[in-house]
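S.K.: Here you go, one structure.
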Amino acid sequence: MPPTTTKQWTIEGKSGFDSLKLDEKAPIPQLGDKDVLVKIHAASLNYRDLAIPKGKYPFPVKENVVPGSDGAGTVEAVGSRVTRFKPGDKVVTLFNQGHIGGSLDPATISTGLGGTLDGTLRQYAAFDEHGLVSMPENLNWLEASTLSCAAVTAWNALYGLDGRQLKPGDTVLTQGTGGVSIFALQFAKAAGAKVIATTSSEKKAALLKRLGADHVINYRDNPNWGEQAADLTPGQLGVQHVIEVGGPTTMAQSLRAIKIDGVISIIGFLGGFSKDQPSFLDCLNNMCIVRGILVGSRLQFEEMNRAIEANDIHPVVDDKVFEIDQLRDAMEYMWDQKHFGKLCIKLV
């Protein structure tokens, strides 16, 4: 018999990590016809998961939501009309549960796990069968739990714009050592592209080089890192793709790095907000494409998983792994930027 209760975190308020509450015996709702009950073995954290309890997330959030968008687990039971999965299958959660393919729209953009829908920081959860993908066979639970948000975002940045997909020999500029940037580095190298990475840490620079970065620029030592990145490309023409995670505080340098007709994919605002930020005229002057993205579709996720298996790509997981009861500690650890790669939580 499937379990009837689960350990489950919820966010109750916006006062910081103290807003996180653990329920030892939360009820598991009865499965609908198209639902899949998943025993979640592991989840991973994103900056969004930290921003929500701190009241820093600019998008709608359901009251008392179960946090977390990323999770990997085993199918425990299925509804009577489920055709995509069976008990025993290994699955990973889709970030926007309604985003199957094509562009987002007002309906699918409001189906984010851990925001408007209850997420993955619980031991058992029911999802619509269309909100799950098969887990790559070459990954373990922790590795697979990192894919839903950061990996799909990186894949969308590199491959999501028709006519501008990453090609062998292209150059990609990544910023820092967060999850999206590291996945972009791994995907780009697997595709035969060059990668220029930025960081402020010599220790992290060595790790980036070990992962295959062709050049690493210390942005603290060189505030004009965008120009330096462009100088490192063939003919000093600039990079084809920038993975822009800093937002307003880094955009000016991204514009200096980008090639004519190149793509800057804006995926975050880690650098905070600034009054001194480039305008749309700067995009015109640089004759480039600037694109905001919110993760990606299930079709992109499945395409990415095929590449992960074919190239035996393994996500970079931080050495420190937390247990389900230690979620607040995990968030503090990540907020203090002590992690490298993805930070994971064991749930069972």
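None of the figures in this text is laboratory data; all of them are computed from the coordinates on show. Bear in mind that the values here come from a model prediction, so they are computed numbers and not experimental data. All Cβ positions, even for glycine, are placed from backbone atoms using ideal geometry, and neighbour counts span all protein chains on display.
S.K.: What FRET efficiency, computed as 1/(1 + (r/R0)^6) with R0 = 30 Å and r the Cβ-Cβ distance, is obtained for E302 and F59, rounded to the nearest 0.05? The partial results should precede the final answer.
M.R.: Numbers: r = 25 Å, r/R0 = 0.84.
The formula returns an efficiency of 0.75 here.
S.K.: While we're here: Please list the non-local residues whose amide H lies under 5 Å from the amide H of G296, H modeled 1.01 Å from N, same-chain partners needing a gap of 5 or more.
M.R.: When sequence neighbours closer than 5 places are left aside, the close amide H contacts are N96.
S.K.: Can you list the HN-Hα couplings for the range 90-104, worked out from phi with the Karplus curve (6.51, -1.76, 1.60; θ = phi - 60°), rounded to whole Hz and with x for Gly and Pro?
M.R.: 9, 9, 10, 7, 8, 4, 8, 4, x, 8, 7, x, x, 7, 5
S.K.: Mind ordering 1-10, 154-163, 173-182 by average Cβ neighbours within 10 Å, highest first? Can you show the working numbers first?
M.R.: Working: 1-10: 16.0, 154-163: 19.7, 173-182: 27.1.
Final packing ranking: 173-182, 154-163, 1-10.
S.K.: Okay, moving on. Compute the long axis of helix 179-190 from its Cα atoms, compare it with the longest principal axis of the Cα atoms of the chain, and write down the angle in degrees, 0 to 90, nearest 10.
M.R.: Long axis of 179-190 versus the principal axis of the chain: about 70 degrees.
S.K.: Averaging over all projection directions, find the projected area of the Cα convex hull of the range 79-145 and quote it in nm² with one decimal place.
M.R.: For the Cα atoms of the range 79-145, the hull's average projected area reads 5.5 nm².
S.K.: I would also like to ask the following. Which ³J(HN,Hα) values, rounded to whole Hz and listed in residue order, are derived for the range 67-82 from phi using the Karplus coefficients 6.51, -1.76 and 1.60 in 6.51 cos²θ - 1.76 cosθ + 1.60 with θ = phi - 60°, glycine and proline given as x?
M.R.: Along the range 67-82, the couplings run x, x, 9, 9, x, 10, x, 10, 6, 9, 7, 10, x, 5, 10, 6 Hz.
S.K.: Largest first and in whole Å, give the semi-axes of the chain's equivalent ellipsoid, each being the square root of 5 times a Cα gyration tensor eigenvalue. Mind dumping the intermediate values first?
M.R.: Values: eigenvalues 238, 88, 69 Å².
Semi-axes (√(5λ), whole Å): 35, 21, 19.
S.K.: Something else now. If you take the beta carbon distance between E202 and D231 as r and set R0 to 22 Å, what does 1/(1 + (r/R0)^6) give as a FRET efficiency, to the nearest 0.05? Kindly include the intermediate steps, with their values, before the conclusion.
M.R.: Numbers: r = 21 Å, r/R0 = 0.97.
My answer for the efficiency is 0.55.
S.K.: Hey, what angle do you get for helix 298-311 against the long axis of the chain, alpha-carbon based, 0 to 90 degrees rounded to 10?
M.R.: For helix 298-311, the angle is close to 70 degrees.
S.K.: Under the Kirkwood approximation applied to all pairs of distinct alpha-carbon atoms, what is the hydrodynamic radius of the range 161-292 in Å?
M.R.: Final number for the Kirkwood radius of the range 161-292 is 14.4 Å.
S.K.: Once you compute Rg and the Kirkwood Rh from C-alpha atoms, what is the Rg to Rh ratio for the range 22-71?
M.R.: Numbers: Rg = 13.4 Å, Rh = 13.3 Å.
Ratio value, two decimals: 1.00.
S.K.: Quick one: of K14/K34; K34/K90; K56/K209; K204/K342, which pairs are farther than 22 Å apart, Cα to Cα?
M.R.: Working: K14/K34 33 Å; K34/K90 17 Å; K56/K209 33 Å; K204/K342 14 Å.
With Cα atoms farther than 22 Å apart: K14/K34; K56/K209.
S.K.: Related question: Extension gain E332-D319, at 0.36 nm per residue separation less the Cα-Cα distance, in nm? Walk me through the numbers before you get to the answer.
M.R.: Details: separation 13, 0.36 × 13 = 4.68 nm, distance 1.57 nm.
Working it through step by step, the gained length comes to 3.1 nm.
S.K.: In addition: Looking at the range 25-134, which trypsin sites (Lys or Arg not before Pro) are in a loop (DSSP not H, G, I, E or B) and have at most 10 other Cβ atoms within 10 Å? Mind showing how you got there, number by number?
M.R.: Numbers: sites: K25, K34, K39, R48, K54, K56, K62, R81, R84, K90, R122; in loops: K34, K54, K56, K62, R81, R84.
Filter output for the range 25-134: R81.
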